[in-house]
Amino acid sequence: MPIDRRLFLQRFAAGTATFALAGLESFASTPSGKKPNIVVILSDDVGYGDLSCYGATHVHTPAIDAMASAGLRFTNAHSDAATCTPSRYAMLTGSYAWRHDGVQILPGDAKLLIQSNQSTIASVLKSAGYTTGLVGKWHIGLGDGKIDWNGEIKPGPCEVGFDDAFFFAATADRVPSVYIHNHRVVNLDPSDPIHVSYENKIGNEPTGKEDPELLKMKLSEGHDGTIIDGISRIGFMTGGKAARWKDEEMAATFTGNAVEFIEKNQHKPFLLYFTPSDIHVPRAPAPEFAGKNECGVRCDVISQLDWSVGRILDTLKRLHLDENTLVLFTSDNGPVVNDGYDDGSDRKLDGHKPAGPFRGGKYTIFEGGTTLPFIVRWTGHVKPGISDALVSQLDILASFAALVHQPVPAGTAEDSINMLPAMLGKSPKGRESLVEEAQVMGIREGKWKLIDRSQRPGAHPRPASLDLSGGSLERSLKGQPSYPTAPLELYDIAADPGETKNVAAQYPEIVERLRRKLADVRTQ
Ligand code: NG6
Ligand code: CA
């Protein structure tokens, strides 16, 4: 089906086609007549059960809880994927990551995945007159295949819709361990140029593999490249000594930049896309958070994340922007406990359940991989409550476009459905279905979830050799039993959120319908 026709059908099916905005006009402006500011906070690896407003009892998140009490807390909101790069790609572009080849966890020197003809949340809001800012983790690639870290680094966030971007390239555990502002590494001394390699060791600096005695945090898997700030990373780098970050200062650095962006742009409509690195590894909280939680350092960085969110919300309040700003909090993928560093988190969980009632977490096709915290607060506009609507982060683009009455360019964001009524709590109705991706693929429809282990992400996926491991990386989620898996698994998520009983044999016709639907979505 041509992409425009597919788009039309999807938006029409949702009953909220971009042109059918009657009754929604009042959402598009605030009492002062201004377009609302938008703050999207995308945290890293925070699971459904990691926040006290979602039921955590071993760790407390007062700022995020207050946001949830004053806003709408979703119980069935999803990322596109169970890992970062595909999840972030899909959220920003409104296009399922599995439609494209190569949208997988990227090294720090990978090229930009977003094409110049794609829309992003930032480009759409920029067209609507917004000043757009990114602060935090990027991880969707940079450059066109070859990056000169000592020169202009582009294309990147500024080429896909951001007016201002303060970020790092990939993950906190991947080189280069430096911040970038727009097109240049921050604090780079030209006499100490940066070189990066993911293939071979370069330079003479110690590595986790050769010099483990120098590490302040032991590794458990991978992560044996260059040691930066006492922690060995994935990949090797030389140079840029003055530009290297200090892990313990990262939360304050990003949060400070985010606050500054809000202050600077307080008088015009703005989009802040704030993507803190917490609670991704390496978990190295600032001293005021370290050792404060019984459930270990993973909980300490949850507290640190909560502090960052609190600083953003305090800033909005101080500047009298609460009623003029929609704030969305979510996470990029489900939780993981041991993600390659031996930081003690798995021994200290103390009963804390990072994925809440769900099975699996980061890397896995089970619901814990993509069912995530999702909270929308817009004082005076969104009635506080809880929504069970099925929504996807893919839908943010079309929903915000509708909010500000900005058409989405034809042929782009083809999987983004305008869910504004659900996101603002005006309707309990969510999507009819949703595709999920990890190493294999699944589909949600109503209470049903089908996992099809013959389906893999990518426009040209590898021929299917069945992965029946049940998510080998699930081992990192201690305390969760492992169940046998099958080529086709069907779960009733309403009755069995923990995906313990495969009911495929009882409902062959549902299995077949969903299997076909998943296959059809892929060819649309
Ligand atoms: C994995 C890393 C993990 C993390 C992940 C990306 C190892 C053993 N594991 O390859 O630590 O960096 O990639 O996480 O190196 S994500 O949230 O950005 O997807
Ligand atoms: Ca992540």
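Nothing in this text is a laboratory measurement; each read-out follows from the coordinates by a stated rule. Since the structure is predicted, the reported quantities are computational estimates derived from the model, not experimental observations. All Cβ positions, glycine included, derive from the backbone under ideal geometry; neighbour counts span all protein chains shown.
Annotations for the structure displayed:
- From most to least packed by mean Cβ count within 10 Å, the peptides 359-365, 419-425, 263-269 give 359-365, 419-425, 263-269.
- Per-residue Cβ neighbour rank within 10 angstrom, fewest leading, F236, F167, F366: F236, F167, F366
- Counting neighbouring Cβ atoms within 10 Å and putting the fewest first, the residues Y48, Y198 line up as Y198, Y48.
- Tensor-based shape of the chain (alpha-carbon gyration tensor, a/c under 1.5 rounded, otherwise prolate or oblate): rounded
- Length available on full extension from A505 to D322: 0.36 nm per residue minus the Cα-Cα distance, which gives 60.7 nm.
- Centre separation in Å (Cα based) which lies between the stretch 111-151 and the stretch 403-461: 22 Å
- Anisotropy class assigned to the stretch 249-392 is oblate, per the alpha carbon gyration tensor with a/c at or over the 1.5 cut-off and a/b no larger than b/c.
- Residues whose amide H falls under 5 Å from that of A355, counting only those 5 or more places apart or on a different chain, are G49, with hydrogens built in the peptide plane.
- For K35, the lysines whose Cα falls under 29 Å of its own Cα, not counting residues fewer than eight places away in the same chain, are K126, K137, K264, K268, K317, K383, K426, K429.
- Distance-filtered residues of the stretch 239-254 - backbone nitrogen under 17 Å, label point 7 angstrom along D189 Cα→Cβ: 239-246
- Reach of K146 by Cα under 15 Å, taken over aspartates and glutamates that are not fewer than 8 positions away in the same chain: D109, E199
- The slack between H181 and E248, meaning 0.36 nm per residue of separation minus the straight C-alpha distance, is 22.1 nm.
- The slack in the chain from H405 to N117, taken as 0.36 nm per residue of separation less the alpha-carbon distance, amounts to 101.6 nm.
- Computed from label points 7 Å out along Cα-Cβ, the spacing between Q524 and K34 is 3.8 nm.
- Summarising the amide proton neighbourhood of M441: residues at separation of 5 or more, or on other chains, whose placed amide H is nearer than 5 Å comprise D452, Q455.
- Once C-alpha pairs closer than 8 Å and six or more residues apart are averaged by separation and normalised to the residue number of the stretch 202-243, the relative contact order reads 37 percent.
- Distance in nm between pseudo-label sites at L214 and Y198 (7 Å out along the Cβ direction from Cα): 2.3 nm
- Ranked M91, M441, criterion: other C-beta atoms within 10 Å, fewest first: M441, M91
- The modelled label-to-label distance for the pair K383/S433, using points 7 Å beyond Cα in the direction of Cβ, is 3.2 nm.
- Cα centroid separation, the stretch 323-383 to the stretch 199-264 (Å): 24 Å
- Entry note, the chain: relative contact order of 24 percent, from Cα contacts under 8 Å with a spacing of 6+ residues.
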